[in-house]
Amino acid sequence: MAKAIAPVAALLLSVAILLVGNGLLGTLLPVRAQVEAFSPIDIGVLGSAYFFGFACGCVFGPRLVERAGHIRAFTAMVSLASALVLAHAMVLDPVPWWVFRAGSGACFAILYMIIESWLNEKATNQTRGVVFSVYFVINLTMITVGQLMLILEPPSSFLLFSAASILVSLAALPVALTRAEAPAPITEVRLNLRRLYRVSPVGAVGCFAVGLASGPFWALAPVFVQSFGGGVSAVAVFMSITVLAGALGQFPLGRISDRIDRRVVIIAASIGAALAGLLLVAAAVAAPGLLLPATFFFGMFAFPLYSLSVAHANDFADNRQFVETAGGLLLIWASGAVIGPFAASLVIRATGPASLFAFTATAHLALGLFTLYRMRRRAPVAEAVKGGFLDAAIAAQTVSNIDARETQGEPPSPDADGSAPDADGPAPAAA
């Protein structure tokens, strides 16, 4: 393991520092927005702005990296992201915050792109699973540490913004000082989203539904906790438990999906996430002591759904389409994450903060029902061609380099049984 990690040790150190800062900022902003009396819609748009910027960064980032190189682009994006953190504290108004947050989203998309292309190039086929497993653990652990830093000072303090900015800035040092050779230039992936839907309707709809539910969670869950009497410490613990539960649920559900029809696991996880969301609504209204157990189950079922959807799509994708598939699904997820926070904020304004998790439950239940419908339309993929969940999980957490122009003049992709897809998606291979 040490030999596998050594070539990317400096990069992983940068990742760890960067994600502590980003984890702190992501939880601090909605809490501070609540302190400043931003409306639910203002906070919802703030969340949508981040994911809009993230999608733009995925589309336009490769050109920046190609022009400046990995190391210079990394340090430039770290510098800009650090400045934007401080800008939030200097201008306490919703509209500038939307702009700053969109800029942060673009910066972090490009940073993730650089990090993951670097990891991919330095890892071999034999070490890639180890390298990305360590990267996955660092992701969740450091984001959790950042969220827990929220309890160190009141959210009205400038100190927390300063700490987040310092952490983001320090992330540049290991990469800037490394003696390791930078990776080859990033290549763009051209997408055809219509073909992607035809290849895997459940994979495409699953990623959109996950974005529709996870975007509001990241943007509005801190507000949800505060609205029912939780302080800053309660927000930090609530968010951290959800993230850690998501990490615990990833691989057990993934391993089960390798052994049975993956859609059964997607349906089960969707129903579990929907029920956990409804339990969160009930707990907020009548039994606050159940909030933490309920959010544990929410994270355990909701967070693995993206990787499960990507794994299902990869089961039907040609070997040459894995990168294209991952990039397309990422863009679909980002589209849902842009829409979700704003839509959820409208629901919250009309019906109250508890409806946040009623909104996520609706998205998850819709995914479960759609997947059940698709099971009647298409037979499960043959075991001989089914991919492993670990490889799909690696693809799912990788920010692809997206050229959003759709390819033209390409024939529709065949189904797993070799037949052409119909207008409503691929026909079943068997009854």
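All of the numbers you see were taken from the coordinates with simple rules; none came from a lab. Fair warning: this is a prediction, and the values are worked out from it, not measured in the lab. Cβ placement follows ideal geometry from the backbone for every residue including glycine, while neighbour counts extend to all protein chains displayed.
Cβ-to-Cβ counts within 10 Å put Phe60, Phe357 in ascending order as Phe60, Phe357, the fewest first.
Each label point was placed 7 Å from the Cα along the Cα-to-Cβ direction; for Leu369 and Val145 their separation is 4.4 nm. Going from the residue with the fewest nearby Cβ atoms within 10 Å to the one with the most, Ile271, Ile17, Ile43 rank Ile271, Ile17, Ile43. If the segment from Asp258 to Ala180 were pulled out straight at 0.36 nm per residue, it would be longer than the present Cα-Cα gap by 24.4 nm. Remark: spin-label model distance Ser133-Phe251 equals 0.5 nm, labels positioned 7 Å along the Cα→Cβ axis. Computed over region 1-103, relative contact order equals 37 percent, with contacts defined as Cα pairs under 8 Å that lie 6+ residues apart.
Region 191-218 and region 92-112 have Cα centres separated by 23 Å. For region 38-174, the C-alpha radius of gyration sits at 1.13 times the compact-globule guess of 2.2 N^0.38 Å, with N the residue count. Among Trp333, Trp118, Trp218, the order by Cβ neighbours within 10 angstrom, fewest to most, reads Trp218, Trp118, Trp333. Taking the Cα centre of each part, how many Å lie between region 229-258 and region 135-185? Rounded to whole Å, the Cα centres lie 20 Å apart. Using the Kirkwood formula on the Cα atoms of region 192-400, what hydrodynamic radius do you get, in angstrom to one decimal? Kirkwood radius, region 192-400: 17.0 Å. Distance between the pseudo-spin-label points of Glu121 and Met90 (7 Å out from Cα toward the beta carbon): 3.4 nm.
So if R0 is 35 Å, what FRET efficiency would Arg349 and Leu152 give, r being the distance between their Cβ atoms, rounded to the nearest 0.05? According to the calculation, E is roughly 0.65. If R0 is 35 Å, the Cβ-Cβ spacing of Leu193 and Leu159 corresponds to a FRET efficiency of close to 0.20.
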